[in-house]
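The values are calculated or read from the model by the stated rules, or taken from the named source; none is laboratory data. As the structure is a computational prediction, the values presented were derived from the model and not from experiment. Glycine gets a Cβ as well: all are built from the backbone with ideal geometry, and neighbour counts include every protein chain shown. These accessible areas exclude ligands, DNA and RNA; they are computed on the full protein's heavy atoms, side chains included. Shrake-Rupley method; radii C 1.70, N 1.55, O 1.52, S 1.80 Å.
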Amino acid sequence: MKYYLTTPIYYVNAAPHIGHAYTTIVADLLKRFKRMQGCHAVLTTGSDEHGVNVERAAERAGKTPKEFCDVIAAEFARQWQMLGLGVDYFQRTTDAGHARVVNDLFRRCRDNGYIRKGSYTGQYCIFDNLYVNDAKPGDPCPDCGRPTETVTEENFFFELSKFQDKLLERYDSQPDFIQPETRRNEVISFVKSGLTDLSITRTNIKWGIPVEGEAPHVFYVWFDALIAYMSAVAGKSVDGEPLWPADLHLIGKEIVRFHAVYWPAFLMAAELPLPKRIFAHGWLLFENDKMSKSRGNIVRAEPIHKVMGTDALRYFLLREVVFGQDGSFSYDALIGRYNSDLANGLGNLASRTLTMIHQYTMGEIPSQYPDPQIGALATDTIRSVEQCFERFEFSKGLEAIWSLISAVDKYIVAKAPWKLAQMREKSDAARLELAEALYTAVEALRIITALVYPVLPESAHKIWDQLGLGHPFYPDPGNDPNYVTYRSIESVRFGSLKWGELQPGEEIGKISPVFPRIEAKAAIEQMRALEEKVAAEQAVMMGKAPAPAAPAPPASPKIAIDDFSRVDLRVGLVLTAERVKGADKLMHMKIDIGEAEPRTIVAGIAEAYTPEQLINRKVVIVANLQPRKLRGIESNGMIVAASVEGGKPVLAGFHEDIPVGARLK
Ligand code: MSP
């Protein structure tokens, strides 16, 4: 049976970081898990390469959009390979085959009467490629908070409004279509509140897929991007079963509307089968803060991979974060989890069990009936892990495995095989008990290793080898049937994973530690140093020289608090903004600072901001400066901005809401 799953196709205007790795790692885990359930699992990821954002990023990098995309798409693909993720198809939206599928889908929707021409004027967020309904010029984007831009154009519209009932019917008849429940409820109330038609082409953008026979229209990036899931596997099947429809779209929570509303509507309009399920996971924060370039707190996977191994990252992400909810990453927590659960937990169980077999039975699996209680617990654990993973409850599944680990640990301590070994020469009972203890421990280790495999593939491979069961580690076996021999860990199936099947008399392999303990301070230093290096390499790749550290301003003479309080700083709201004719740098603004009349202020910020970006923005104003005339206009106050030598001014502002006129103290 096929199982086709996807990750979002990632934008190429930012380099890959741990957030992208998170989704792709979970997809890899699910692929391995589905294979353990006997499915032929196929995974698609890719790169989303069209749109204004990419066009602008390429321009900044001094490259053509295609040249720019080639570099970043290759970087994403390299990341997935480095992390050993089993990607089957890497779909780029600039592939010619994809453009054909997009046009085909458009044609089908049009032939079925769901496309019309219309004119659009409104606000658009170029960062999220999102039209913002009911927004005024300068209003912030509801998703990212950055100012929207006003656009007017003649577009093709997709008649989304015709799909309200059909979509609601689908959510109703298939309650697990959108998961988790919170996201499902959000989507349902969004659709119930009424759907407006969606503009799906652009005429003011060049970097997009041309609508055949309709120049200069190009497709809106989301219409283009979603179809990548289909074009990746167009015409492809496994074991005679077509791969489309997808069994699962794995996404982050911020793009659920595109996947759970627009995408099914496009497919319904084209009379094509719908994906079976959409799971939207939460956000990964850095030390409880949103990761962002401006905060400079982006974490990349590569340093963690190099210092601690990919499995350490996988384990942390799946054990620490409840899948579906937001979670926080920190180096301390990563190392804490690694040392307590992997080094002390699984690693310790593996090395002590295998070392005892090596020492007491000359490396041979002993022959004896195993302990029935541990056996029953192992059998239960197999069942509950499968259930948990099936329900995307990875953290809970791992907890179940770790309960088994700790039960086996206790069992070993209670049996004290080291004592039995000393007594076995003289006592038959001790010899039998030793064999029982060792067989039980090693059989439990085999089951545990098989169960952790989807989460910890590299380490599970190593332990499997040390158990004498495996083959040399190979990052991803794909679906190559020749590779999956009957003993390899890939051949383990939930259906045939049973307690007590380890064969007595087999030799174990060579033992070596799988999770050596990590010294936190040194590891964090190493990762942080690598993080800087990787960030700098990515900046070069994006065509941006790494931001030079702002030179420290010369130390100013100290002032008393009274001196400072003589400066009247106020929160202002920009009401109007227009460029001063003949002066490239100057912007003429009317700013409300809570007085009866708005202030007229002329500021040298016109090269850094457009009038639309300023209107409606809250800024900081020095209210008690002497007026002065600039190009014949009397400026009554000053707007506060940060500046670095040779750089553009950046306006001071607020993250929280604050009333106009409030004083800064
Ligand atoms: N190109 C669109 C997706 C089109 S799919 C047809 C896009 N790209 S993106 O590069 O912004 O990637 C967003 C996805 O990356 C999220 O939905 C999520 O899967 C993953 N993540 C990126 N940052 C993340 C976190 N900080 N935390 C968790 N996942 C995040 O949107």
With each label point set 7 Å from Cα along the Cα-Cβ vector, what nm distance links ALA529 and ARG56? 3.8 nm
Rank THR24, ALA421, GLY604 by how far each Cα sits towards the positive end of the charge dipole of the chain (+1 on Lys, Arg Cβ; -1 on Asp, Glu Cβ) and give me just the farthest. GLY604
What net charge do the residues around HIS98 carry, taking every other residue with its C-beta under 9 Å from that of HIS98, with Lys and Arg at +1 and Asp and Glu at -1? 0
Which number do you get for Rg(Cα) / (2.2 N^0.38 Å) in the stretch 82-152? 1.59
So, over other residues within a Cβ distance under 11 Å of GLY572, counting Lys, Arg +1 and Asp, Glu -1, the net charge is +3
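In the structure shown, do any of LYS31/LYS162; LYS63/LYS236; LYS31/LYS533; LYS136/LYS581; LYS166/LYS396; LYS533/LYS648 have a Cα-Cα gap over 28 Å, and if so which? Please list the in-between numbers first.
Numbers: LYS31/LYS162 36 Å; LYS63/LYS236 34 Å; LYS31/LYS533 32 Å; LYS136/LYS581 25 Å; LYS166/LYS396 35 Å; LYS533/LYS648 26 Å.
Flagged as over cut-off: LYS31/LYS162; LYS63/LYS236; LYS31/LYS533; LYS166/LYS396.
What are the semi-axes of the equivalent ellipsoid for the stretch 67-220, taken as the square roots of 5 times the Cα gyration tensor eigenvalues, largest first, in whole Å?
Numbers: eigenvalues 141, 113, 79 Å².
For the stretch 67-220, the ellipsoid semi-axes come out as 27, 24, 20 Å.
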Cα-projected label distance for LYS665 with SER294, points at 7 Å along beta-carbon direction, nm: 2.7 nm
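Based on the Cα gyration tensor of the stretch 359-463, what are the three equivalent ellipsoid semi-axes, each the root of five times an eigenvalue, rounded to whole Å and given largest first?
On the way: eigenvalues 177, 37, 21 Å².
One finds semi-axes of 30, 14, 10 Å for the stretch 359-463.
I need the calculated FRET efficiency for the pair LYS306 and ALA596, taking r as the beta carbon distance and R₀ as 41 Å, to the nearest 0.05. Provide the component values of the computation, followed by the final result.
On the way: r = 62 Å, r/R0 = 1.51.
Efficiency, rounded to the nearest 0.05: 0.10.
Which residues make up the longest stretch of the chain clear of chymotrypsin sites (Phe, Trp or Tyr not before Pro) that lie in a DSSP loop with no more than 14 other Cβ atoms within 10 Å, not counting the sites? Intermediate results must be reported in sequence, preceding the final value.
Values: sites that count: TYR483, TYR486, PHE654.
Of all site-free stretches, the longest is 1-482.
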Let me check the size of the stretch 198-346 from its C-alpha atoms; what are the radius of gyration and Dmax in Å? 20.3, 64
Using θ = phi - 60° and the Karplus relation 6.51 cos²θ - 1.76 cosθ + 1.60, list the HN-Hα couplings for the stretch 115-120 in order, rounded to whole Hz, with x at every Gly or Pro. 10, 9, 8, x, 10, 10
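Work out, step by step, the length gained on full extension between ALA583 and SER512: first 0.36 nm times the residue separation, then minus their alpha carbon distance; give nm to one decimal. Could you put the intermediate results ahead of the total?
Working: separation 71, 0.36 × 71 = 25.56 nm, distance 7.13 nm.
Contour length minus Cα-Cα distance gives 18.4 nm.
Would you mind getting the accessible area per residue of the chain, heavy atoms of the protein chains only, 1.4 Å probe, in Å²? Write out the running numbers ahead of the final one.
Numbers: 30020 Å² over 665 residues.
Result: 45 Å² of accessible area for each residue.
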Rank these residues by their accessible area, most exposed first, probe 1.4 Å: MET230, MET362, MET423. MET362, MET423, MET230
What distance in nm lies between label points placed 7 Å from Cα along the C-beta direction at SER496 and THR121? 6.9 nm
I need two numbers for the stretch 411-455: Rg to one decimal and Dmax as a whole number, Cα atoms only, in Å. 13.1, 44
Out of the GluC sites (Glu not before Pro) in the stretch 557-643, which ones are loop residues according to DSSP with at most 13 other C-beta atoms within 10 Å? GLU595, GLU607
Computing the accessible area with a 1.4 Å probe over protein heavy atoms, can you report the carbon and sulfur percentage for the chain? 52 percent
So how many Å³ per residue does the convex hull of the Cα atoms of the chain work out to? 191 Å³
Low-density loop cleavage sites - GluC sites (Glu not before Pro) in the stretch 205-301, where at most 16 other Cβ are within 10 Å (DSSP): GLU212, GLU214, GLU271, GLU287
Here the membrane-span-like helices of the chain, with no claim about any membrane, defined by DSSP H, Cα axial extent at least 24 Å and mean Kyte-Doolittle at least 0.5, are 394-415, 428-452
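Would you kindly calculate the mean projected area, averaged across all directions, of the convex hull enclosing the Cα atoms of the stretch 564-647, in square nanometres? Walk me through the numbers before you get to the answer.
Values: hull surface 23.9 nm².
The orientation-averaged projected area of the Cα hull of the stretch 564-647 comes to 6.0 nm².
Could you give the length gained on full extension between LYS544 and THR379, defined as 0.36 nm per residue of separation minus the Cα-Cα distance, in nm?
Details: separation 165, 0.36 × 165 = 59.40 nm, distance 5.49 nm.
Length difference between fully extended and current span is 53.9 nm.
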Compute, for the stretch 329-440, the length of the dipole vector about the Cα centre, with Cβ point charges of +1 (Lys, Arg) and -1 (Asp, Glu) only. Units Debye, rounded to 20. 280 debye
